[in-house]
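Trainee: First, the structure itself, so that you have it in front of you.
The values are calculated or read from the model by the stated rules, or taken from the named source; none is laboratory data. As the structure is a computational prediction, the values presented were derived from the model and not from experiment. Neighbour counts run over all protein chains shown; Cβ positions are idealised from the backbone, glycine included. Surface areas here come from the heavy atoms of the whole protein model, side chains and all, with no ligands, DNA or RNA. Shrake-Rupley method; radii C 1.70, N 1.55, O 1.52, S 1.80 Å.
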Amino acid sequence: MGKPKHYRPPGKKKEGNAARYVTRSQAIKILQVSLSDFRKLCIHKGVFPREPKKKVKGNHHTYYHLKDVMYILHDPLLEKFREIRAYQRKIKKAKAKKNDELAKLLLSRAPSYRLDMVIRDRYPTFIDALRDLDDPLTMVHLFAMLPAIDRLKIEVKRIHNCRRLCHEWQAYISRTHKLRKAFVAVKGIYYQAEVDGQKITWLAPHARQQVLTDDVDFNVMLTFLEFYEALLGFVNFQLYHSINVKYPPILDPRLEALAADLYALSRYFDANHRAVIQEPQVAGSSRSEQEQEESDLRLAQLQHQLPANEPGALMHLVQDASSEIEEDETTRNCKILFQNKKIFLSREVPRESLLFVIPAFGGIVSWEGDGAPFAESDDSITHQIVDRPTQGHVYLSREYVQPQWVYDCINARIILPTEPYMVGRDPPPHLSPFVDDEAEGYVPDYAKTIRQLQAAAKSDIQPLPGTGNDELDNSQNMLAEGFINRTEAMEAAEKKQEMMLLEKQYHNELKMELQGVSSINKLNSEDTKSKEQSLPDVEEQSAEDPSRLMMSRKKRGLYKAIEMGKQQKKERVEKLKERKRNIEAAQKSEKKHRKAQVS
């Protein structure tokens, strides 16, 4: 009888992967915990399965590094989980004996655990926590929009906590003008902020009713959410203290009842800023005086003594920035984008998102409903965001635009013309700021238009491709030509480029004739080249790049994959160009048809 596959003689020590990796069942046996507790410990401690090169127990097992398992074994959280498990047995025993009083008493004294030391252990510095903030923000924003369902253990208390953390984070980003990009997609709204040099990107779902499916394990998601809530709370605490604002904030209960949490947070920022300015810098001030000032401030907030209808109190996130906050050039540019713009939101637009992004770029915003800082009839309103074709009452002193105008202005960092975004029109394409057009190899027409507008805003006028500077005497003519008659201008530019290429080729031929090179030799060389190109593929492979022939099989496969990726990108670009040509041809035929009908 032969020996088994991974035979080890008795008494011989384990070596290699057999000693370094253990399966999940072996790890549970070492830790002496249940599978659910093991999953919680792995999520909280950041331990993930590994893929060893040689799987000793077979391919159908999940492997963990032995060092990770021993790391969990010596963690105080493991003892806490064992204590909770033993206490749950006591409650179960009391319920089985129908001793309801004892069961209630035990439930009221149930032990709990905190993740403070776990977060301190996983993120030694604040920058480490910021680098790992993308997934926590996305998860917390997701649960802030979910309904509370007892069957899935999604509690109302947890939903409210997620909403509170989201609003605190958004209020800080608005206060410090750290928002950089915003893109509205089908999944939700993508945001990107820059905090302490770290780019943080997260996704906030649309404010609609969410339908929960049965193919998602919400127990695992709730375990992740438990850790992310604690992490985001620590991050918000550090960020608020960096701008001298007390945490957690105390909000106006009237505004909280009206679901105006962001506005209530802005009022809180304003009150803290005023308290810091007015506080006398007395060296010998006692602790009792400081406590009295804090109680007076909180009492003023709770009794609604802050100015409710003052326009500047909306997001003082745009004014009176603290002198201790160092602002770079990008932050200063974002701060003045919507400066002197007073924007009113109609009831059908995404209010929470616009209340977040507009003050982050220096605008003053209000909405339709109770608790708003100013009403719709205010004459100083410059823009009104609407998303329905007809309006009951139209004010001539303001411009009515669709919500996309705000996001496009943010991504372009300039105030775009409002004419394409007027009510009832099809707006321009909403371009993603997360896509590099140059790297993709295709630049949309509207992206070129935005670049021309950016150049005009900087007084650095750039001519359209194929046109000369003499045709662009001033910025107004350039904008009119580039924005209104875009298709005709691009066709003229292409024709001019073709003429320039032909002229250059003609000059090169003349230069070659002057140097004594006959055109006959040139034709002969072209014929020989065409013959060489028509040779069989075998000769092409023999004349292949020698460096490629010297590659290993693995590197050749990687090189082939890179080439295939480039080819796929070219095909995608050609497909976009073909679609663009079809649309332009359809538009031309429609114009001709209209002219024929009119005539």
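Trainee: So Lys40 passes all but one of these: (1) open to solvent by 30 Å² or more (accessible area, probe 1.4 Å); (2) in a helix (DSSP H, G or I); (3) in the same structural domain as Ile28 (by the TED database); (4) without any contact (Cβ under 8 Å) to a residue 60 or more places away in the chain. Which condition number does it fail?
Mentor: Just one mismatch for Lys40, condition (4).
Trainee: For the stretch 198-217, which positions are open to solvent by less than 60 Å² (accessible area, probe 1.4 Å) and either among the hydroxyl-bearing types (Ser, Thr, Tyr) or not assigned by the TED database to the domain that holds Asp135 (or both)?
Mentor: Listed by number, the list holds a single entry, Thr201.
Trainee: A further question follows. Test each condition in (1) out of contact with any strand residue (DSSP E or B) (no Cβ under 9 Å at 6 or more places or on another chain); (2) in a loop (DSSP other than H, G, I, E, B) for Phe48 and report the one that comes out false.
Mentor: Result: Phe48 passes all but (1).
Trainee: Related question: Cβ-Cβ under 8 Å, sequence separation 6+ or interchain: first residue in the stretch 9-21 and within 16 Å of His61 (Cβ to Cβ) and hydroxyl-bearing (Ser, Thr, Tyr), partner modelled with pLDDT of 65 or more and open to solvent by less than 90 Å² (accessible area, probe 1.4 Å). Which pairs?
Mentor: Every condition considered, the pairs that remain are Tyr21/Pro52; Tyr21/Val56; Tyr21/Tyr63; Tyr21/Tyr64; Tyr21/His65; Tyr21/Leu66.
Trainee: Moving on. Filter the stretch 174-196 for residues that are on the phi > 0 side of the Ramachandran plot and open to solvent by 60 Å² or more (accessible area, probe 1.4 Å) and give the result.
Mentor: Passing the criteria: only Asp196.
Trainee: Could you please find all residues in the stretch 372-397 being open to solvent by less than 20 Å² (accessible area, probe 1.4 Å) and either modelled with pLDDT of 90 or more or over 13 Å from Leu345 (Cα atoms) (or both)?
Mentor: Ile381, His383, Gln384, Ile385, Val386
Trainee: Can you tell me which condition Ala18 does not meet? The list is (1) in a helix (DSSP H, G or I); (2) open to solvent by less than 60 Å² (accessible area, probe 1.4 Å); (3) at pLDDT 90 or above, and all the others hold.
Mentor: Condition (3) is where Ala18 drops out.
Trainee: Between a residue in the stretch 336-357 that is closer than 20 Å to Gln192 by Cβ and any residue that is surrounded by fewer than 18 Cβ atoms within 10 Å (Cβ to Cβ), which pairs come within a Cβ distance under 7 Å, given they are 6 or more apart or on different chains?
Mentor: Hits for this filter: Leu337/Arg413; Pro350/Ala207; Glu352/Ala207.
Trainee: Moving on. Which pairs have Cβ atoms under 6 Å, sit 6 or more apart or on different chains, and link a residue in the stretch 49-63 that is in the same structural domain as Ser25 (by the TED database) to one that is of a type in the set (A, V, I, L, M, F, W, C) and outside any loop (DSSP other than H, G, I, E, B)?
Mentor: Val56/Ala18
Trainee: Checking Ser112 against (1) in a loop (DSSP other than H, G, I, E, B); (2) within 26 Å of Arg50 (Cα to Cα), only one condition comes out false. Which one?
Mentor: (2)
Trainee: Exactly one condition in (1) within 20 Å of Gly188 (Cα to Cα); (2) out of contact with any Ser or Thr (no Cβ under 7 Å at 6 or more places or on another chain) is not met by Asp134; state its number.
Mentor: Every condition holds for Asp134 apart from (2).
Trainee: Also, quick follow-up: Failed condition for Glu79, given (1) within 24 Å of Leu31 (Cα to Cα); (2) of a type outside the set (Phe, Trp, Tyr); (3) touching a residue at least 12 places away in the same chain (Cβ under 8 Å); (4) part of a helix (DSSP H, G or I), with all others met?
Mentor: Failed condition: (3).
Trainee: Which pairs have Cβ atoms under 7 Å, sit 6 or more apart or on different chains, and link a residue in the stretch 413-428 that is without any contact (Cβ under 8 Å) to a residue 12 or more places away in the chain to one that is open to solvent by less than 80 Å² (accessible area, probe 1.4 Å)?
Mentor: Close Cβ pairs (under 7 Å, with a partner that is open to solvent by less than 80 Å² (accessible area, probe 1.4 Å)) amount to Pro420/Pro427; Pro420/Pro428.
Trainee: Name every residue in the stretch 432-456 that is assigned to a helix (DSSP H, G or I), of a type outside the set (Asp, Glu) and open to solvent by 50 Å² or more (accessible area, probe 1.4 Å), in order of residue number.
Mentor: Keep residues of the stretch 432-456 that are assigned to a helix (DSSP H, G or I), which gives 437-440, 445-456.
So of that shortlist, the ones also of a type outside the set (Asp, Glu) come out as 439, 446-456.
Within the stretch 432-456, Ala439, Lys448, Arg451, Gln454 qualify.
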